[in-house]
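The values are calculated or read from the model by the stated rules, or taken from the named source; none is laboratory data. Worth saying up front: this structure is predicted, and the values here are computed from it rather than measured. FYI the Cβ positions are ideal-geometry reconstructions off the backbone, even for glycines, and counts take in every protein chain you see.
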Amino acid sequence: MDGGGLLCVHAHPDDETITTGGVLARAAEEGLPASVVTCTDGALGEIVGEGMDPDEVRPRLVEVRRAELVAALAVLGLQDGPRFLGYRDSGMMGTEGNADPRAFWQADLDDAVGRLVAQIRALRPRVVVTYDPFGGYGHPDHIQTHRVGLLAAEAAGLPVMYPDAGPAWRPDKVYYSALPQSTVAEANRQLAQAGLVSPFGEETDAAMIPAGTPDERITTRVDVRRWLPRKQAALRAHASQIGPDSFFLNFPEEVAEGIFGRECFVRFRSDVAVPEPEDDLFAGLR
């Protein structure tokens, strides 16, 4: 495959591992360029790390999370270090953080898109992954990441847009990360059978799941079971956000493979012909 590789655009440090850790590790192992742009500094994240005093860590949480991201990307095998868009964490919808003029939620859209266009043109990725219009679960930074990511992926290919951001580059494929509603339902069922509490609730009918993406919208399912140990190790690197009792790290092995063994996506566009169903973000490019 000629040219660049994979670029995942995420809201906070740790998001890159939770939803795309497998495809990033796979790309890195296959020798494809793989990069992550993180839109915010994660300053308003919860502090749940074992032995961490929130009062002591809070003033330096930005530095802590940056170091955690460096470690996580190294575990995933990425050669490219962390790239930040330069905005402050906005916090959850309706909180005071949303009104902070430094917050990503308050960012001037033209400015934010221009910053990401510069990253895309510098990296020249063939594939870009961002979030769906709801940001997965409604977090304002995730919604803003969707807006900025999608606009930048298109604007980067237009020479008349942001001419000072480098030579135009159009990614061949653009995706939204997705969690199928059937996966949520199956997780609820398996965890109930194991006597464990699911973070997704108790509903086992996929049609009644309020979170996640309807299965019929999923276009791409990538088998990442081979890279699950690396993904879990990268999750542990985000120690301030993912404590030892996190559900991400405590699923029974057979359940974890069913829930996390495939990373799913909705293909927004592709400039190349792809197979249906698709099981590789680089299908049509290899």
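General remarks:
- Single residue of ALA237, ALA283, ALA256 found to be crowded, with 18+ Cβ neighbours inside 10 Å and closer than 30 Å to ARG60 by Cα: ALA237
- Meets criteria (within 30 Å of LEU151 (Cβ to Cβ), surrounded by 19 or more Cβ atoms within 10 Å (Cβ to Cβ), at pLDDT below 95 and not β-branched (Val, Ile, Thr)) for LEU179: yes
- Exactly one residue out of VAL184, VAL197 is within 21 Å of HIS142 (Cα to Cα) and either in a helix (DSSP H, G or I) or out of contact with any strand residue (DSSP E or B) (no Cβ under 6 Å at 6 or more places or on another chain) (or both), and it is VAL184.
- Apart from one condition, MET1 fits all of (1) at pLDDT 95 or above; (2) part of a loop (DSSP other than H, G, I, E, B); (3) touching a Lys or Arg at 6+ places or on another chain (Cβ under 6 Å); the exception is (1).
- Taking the criterion of being surrounded by fewer than 24 Cβ atoms within 10 Å (Cβ to Cβ), touching a Pro at 6+ places or on another chain (Cβ under 9 Å) and closer than 26 Å to LEU285 by Cα, the residues of segment 128-153 that qualify are HIS146, ARG147, LEU150.
- Single residue of THR17, THR38 found to be assigned to a helix (DSSP H, G or I) and either surrounded by 24 or more Cβ atoms within 10 Å (Cβ to Cβ) or in the same structural domain as LYS173 (by TED's automatic domain parsing) (or both): THR17
- Condition met for ARG121 (in the same structural domain as GLY42 (by TED's automatic domain parsing), crowded, with 17+ Cβ neighbours inside 10 Å, more than 19 Å from ALA103 (Cα to Cα) and basic (Lys, Arg)): yes
- Test: residue in segment 160-168 that is among the charged types (D, E, K, R) and over 17 Å from the mean Cα position of the chain (by Cα): yes
- Filtering segment 252-274 to residues that are more than 15 Å from GLY22 (Cβ to Cβ), hydrophobic (A, V, I, L, M, F, W, C) and more than 18 Å from the chain's Cα centre (by Cα) leaves VAL255, VAL272, ALA273, VAL274.
- In segment 53-134, counting only helices (runs of 4 or more DSSP H) that sit wholly within it, the ones holding 2 or more residues that are in contact with a strand residue (DSSP E or B) (Cβ under 9 Å, 6 or more places away or on another chain) span 61-76, 109-123.
- Some residue of segment 207-214 being farther than 23 Å from HIS142 by Cα, in a helix (DSSP H, G or I) and not aromatic (Phe, Trp, Tyr): yes
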